[in-house]
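Read the structure below first, then the notes.
The values are calculated or read from the model by the stated rules, or taken from the named source; none is laboratory data. The model shown is predicted, which means the values in this text are computed figures rather than measured ones. Cβ atoms come from the backbone with ideal geometry, glycine included; neighbour counts cover every protein chain shown.
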Amino acid sequence: MSSGANVKRMPTQTAKRKQNRLEVRLTPKAKALLKRAASVESKTVSAFVLDKGLAAAAETLADRHEFRLPAKQNDLFVAAPDAPAKVRPRLERLLKSPSVLE
């Protein structure tokens with residue numbers, strides 16, 4: 001890759017000046033893999049690790065706070081609380097019978 005003025009890089013979240021550091025201990029094999037992957041995306045290893053790490057963190061947290069459904073399933077999910085309850089004869093009998101705790 002030549003270092004000419006025509007080289008354009010995609011803007012990343014790492015374009016702003018950072019003050020905090022994160023150090024990672026890794027094997028030479030792991031470092032080589034990260035270097036190769038960063039090179040494929042035309043990023044520094046730091047930018048690659050930060051971008052992928054932030055994406056993974058956001059996905060991990062999203063799994064804990066929200067979930068996404070295809071449109072049809074979402075419509076069914078939203079409509080479920082308003083749907084009439086299904087008749088469950090065995091459940092009705094169970095709830096009407098005396099409890100062993102009473």
Worksheet, complete the sentence: For the range 61-85, pairs from a residue that is exposed (fewer than 10 other Cβ atoms within 10 Å of the Cβ) to a residue that is assigned to a helix (DSSP H, G or I), with Cβ under 9 Å and 6 or more apart or across chains, are Arg68/Ala62; Arg68/Asn74
Discussion item. Looking only at the range 36-62, filter to residues that are in a helix (DSSP H, G or I) and of a type in the set (Ser, Thr, Tyr); which one of those is nearest to Lys18 (Cα to Cα)?
Written reply: Ser46
Discussion item. So, in the range 13-35, exactly how many residues are surrounded by 12 or more Cβ atoms within 10 Å (Cβ to Cβ) and either in a loop (DSSP other than H, G, I, E, B) or of a type in the set (A, V, I, L, M) (or both)?
Written reply: 2
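Yes/no per residue for (1) at pLDDT 90 or above; (2) β-branched (Val, Ile, Thr); (3) on the phi > 0 side of the Ramachandran plot:
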| residue | (1), (2), (3) |
| --- | --- |
| Thr14 | no, yes, no |
| Asn20 | yes, no, no |
| Leu34 | yes, no, no |
| Asn74 | yes, no, no |
| Pro89 | yes, no, no |
| Arg93 | yes, no, no |
| Glu102 | no, no, no |
Worksheet entry | Per-region count, the range 86-100, residues loosely packed, with under 10 Cβ neighbours inside 10 Å and assigned to a helix (DSSP H, G or I) | 5
